[in-house]
Amino acid sequence: MSSRWRFELLCPCYYSLSLGVIGKLGGRPDTEIAGGRHLECVRSVLPSFLQDLTFVFPRLPDGMGELIQNFYHHGEFFVVANRVKDFLCASIPASDLQISPISMHHNDGREAADRYFAVKIVRTIECISADTTFYGRDVPFSKALTIYELQDGLRAEFANTDDGNYVSYPDILNSDIRKIDILDRKIPEDVRIFRPKFWPRFSMVETGFAARLESLCAGGFSGHYFWTLNLDDVNASLDATRLALR
């Protein structure tokens, strides 16, 4: 079966509530100085300062309480409770994951009853055909790369090239991206979820695995844990998903 049909793009639900975070944050590349396309860069690994942070359940609007889920797509990584972490560990090779326990609290300061973990998908596969995948209808990804040179202190977390630079294809939210042309032969048959090389904001997920993961998610609303977008027309799939959840 073609990988293009087996896999979809996995991204955060842009309608979901965000976790609160308290503590000392690390540095990021200053992309505004470089006039970059991206508002921020995304790490290739979990942040080194996770142990200095306390995560807080999202507060529901109008003082209606908290949104206590066992899965949150926190942008760069997943925040999951023990049950979901065990599923990921049982389904994905240990070398494809980076996992760290985190401190999760309620808004009143109480510690969460369940244990929570940050989980980063670190398996990276160079599978996007950059010359035949386009944004803005006629600009190939190979001609639309954002490239940043990084200071030494940022390379360990942000670099995704052998020479210590940060490279990224266009973001789906700021570009007209249609079909993602996938090099099927580059994706092993046993892979279920991975990060496409040079597209650090996103993961690609096998559709059956995505369905099993969502079936384990609890505490929130169906369709709001994460989104999966069809690779044949990413923007149309994004628009349809947004419309369906309004």
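Worth pointing out:
- Normalising the Debye intensity of segment 66-212 to I(0), with uniform scatterers on Cα atoms only, and taking log10 at q = 0.14, 0.17, 0.19 Å⁻¹ returns -0.82, -1.09, -1.23.
- Farthest towards the positive end of the charge dipole of segment 129-246, among the residues Val234, Ser222, Val205, is the Cα of Ser222, using unit charges on the Cβ of Lys, Arg, Asp and Glu.
- The residues of the chain have, on average, 50 Å² of accessible surface per residue, using a 1.4 Å probe with all protein chains present.
- Extension gain (nm, one decimal) between Glu32 and Thr161, 0.36 nm per residue minus Cα-Cα: 44.3 nm
- When each of the peptides 198-204, 10-16 is scored by the mean number of other C-beta atoms lying within 10 Å of its residues, the order from highest to lowest reads 198-204, 10-16.
- The average projected area of segment 152-219, computed from the convex hull of its Cα atoms over all directions, is 7.5 nm².
- Sequence-distant contacts, meaning Cα pairs under 8 Å at least 6 residues apart, place the relative contact order of the chain at 27 percent.
- Relative contact order (%) - segment 14-89, alpha-carbon pairs under 8 angstrom, separation at least six: 30 percent
- Packing-based ranking, highest mean first, of 44-50, 27-33 given that Cβ atoms within 10 Å are counted: 44-50, 27-33
- Overall, the accessible surface of the chain at a probe of 1.4 angstrom is composed of carbon and sulfur to the extent of 49 percent.
- Label reach from Leu60 (point 7 Å along Cα→C-beta): in segment 191-219, amide nitrogens under 13 Å belong to 219.
- Cross-link pairs Lys143/Lys186; Lys85/Lys179; Lys24/Lys197; Lys24/Lys143 - those with Cα-Cα distance over 26 Å: Lys85/Lys179; Lys24/Lys197; Lys24/Lys143
- Listed peptides 221-230, 147-156 appear in the order 221-230, 147-156 once ranked by packing, highest mean of other Cβ atoms within 10 Å at the front.
- Total charge dipole magnitude, the chain, about the Cα centre, Cβ charges on Lys, Arg, Asp, Glu only, Debye to nearest 20: 340 debye
The values are calculated or read from the model by the stated rules, or taken from the named source; none is laboratory data. This structure is a prediction, so every number in the text was calculated from the model and none was measured. Cβ coordinates were reconstructed from backbone atoms using ideal geometry, including for glycine residues, and neighbour counts include every protein chain displayed. For the accessible areas, the whole protein counts, side chains as well, though only heavy atoms, and no ligand, DNA or RNA atoms are used. Shrake-Rupley method; radii C 1.70, N 1.55, O 1.52, S 1.80 Å.
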